[in-house]
Amino acid sequence: MGIYPPPLERLIEQFSRLPGIGQKSATRVSLYILKAQRELAQNLANSLIDVKEKITFCSICFNFTDGDPCRICNDPARSNGIICVVEGPGDQLAIEESGIFKGRYHVLHGALSPLDGIGPEDLKIGALLSRIEKEDIREVILATNPNTEGEATASFLVTLLSDKGLEMTRIALGVPMGGDLKYMDALTLRHAIKSRVTVNREKNI
Ligand SMILES: [Zn+2]
């Protein structure tokens with residue numbers, strides 16, 4: 001038995017099931033909602049239902065969208081022929097927010113992880129292959145995460161796509177902006193040196 005009335009306990013329990021929200025945060029948020037105007041609770045409830053009902057996956061790139069195909073796949077101003085492969089919709093959003101990339105995306109919905117039983121057939125790799133055939137892709141940017149699963153996924157795709165006559169590039173891994181070399185770990189520095197780039201020309205994307 002909790003110390004709060006059951007409806008409040010239930011709300012705290014629901015919030016504490018969310019990623020990154022512990023019991024304390026869940027209690028704080030629940031008490032805030034309880035004290036706030038009814039309108040806040042109503043808007044929150046409506047938004048929760050709205051995302052479940054109106055957001056789907058784009059049938060081309062598998063990104064979140066409220067219309068199919070998504071805005072990016074539908075945008076004639078984006079350059080065709082170059083596709084940036086990411087693990088999740090959040091990664092796609094982060095690259096899009098940077099404003100640097102003007103090509104197309106493909107969201108894999110995960111990364112290879114044999115220990116968790118996640119193989120190629122669990123990711124949107126088959127769909128990527130057919131897009132490469134259909135859309136006349138000339139460059140694939142592998143923007144999976146710089147961890148064991150992301151690296152395994154990138155090297156799997158390199159092998160899989162090696163006979164397609166594509167240029168395959170991997171996002172540079174290494175020193176972050178505002179970083180300080182003397183505090184970098186050895187693995188990051190090793191990647192940074194390995195992923196070094198020529199500085200007298202800009203990549204055209
Ligand atoms: Zn799309």
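Read-outs: derived from the displayed coordinates by stated rules, not from any lab. This one's a predicted model, so the numbers in the text were calculated from it and none came from an experiment. A quick note on method: Cβ atoms are made from the backbone with ideal geometry, for glycine too, and the neighbour counts reach across all protein chains shown.
What the table shows:
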item	result
Label point distance in nm, Thr56-Gln42, each placed 7 Å from Cα along Cα→Cβ	3.0
Phi-based couplings in Hz for segment 24-41 (Karplus 6.51, -1.76, 1.60; Gly and Pro marked x)	5, 4, 4, 5, 4, 5, 5, 5, 5, 5, 4, 7, 6, 4, 4, 4, 5, 5
Sparse-neighbourhood loop sites, trypsin sites (Lys or Arg not before Pro) in segment 149-205 - DSSP loop, at most 11 other Cβ within 10 angstrom	Arg196, Arg201, Lys203
Most fluctuating residue given options Ile12, Ile193, Ile72, as computed from a GNM of the chain linking Cα atoms under 10 Å	Ile12
Ala186-Glu139 FRET efficiency (beta carbon distance; Förster radius 35 Å; 0.05 resolution)	0.70
Within a Gaussian network of the chain (alpha carbon springs, distance under 10 Å), most fluctuating of Thr56, Thr148, Thr159	Thr159
Set Lys54/Lys102; Lys164/Lys194; Lys134/Lys164 screened for pairs whose C-alpha atoms are more than 23 Å apart	Lys54/Lys102; Lys164/Lys194
Tensor-based shape of segment 46-205 (alpha-carbon gyration tensor, a/c under 1.5 rounded, otherwise prolate or oblate)	rounded
Distance between segment 1-30 and segment 115-179 - C-alpha centres, whole angstrom	39
Reach of Lys124 by Cα under 19 Å, taken over aspartates and glutamates that are not fewer than 8 positions away in the same chain	Asp68, Glu87, Asp91, Asp116, Glu133, Glu135, Asp136, Glu139, Glu149, Glu151
Residue with peak Gaussian network fluctuation, the chain [Cα springs, cutoff 10 Å], from Thr144, Thr65, Thr27	Thr27
Antiparallel bridge percentage (DSSP; both residues within the chain; nearest 5)	20
Computed [θ] at 222 nm, deg cm²/dmol, the chain (DSSP H ≥ 4; -39,500 (n - 2.57); rounded to nearest 500)	-13000 deg cm²/dmol
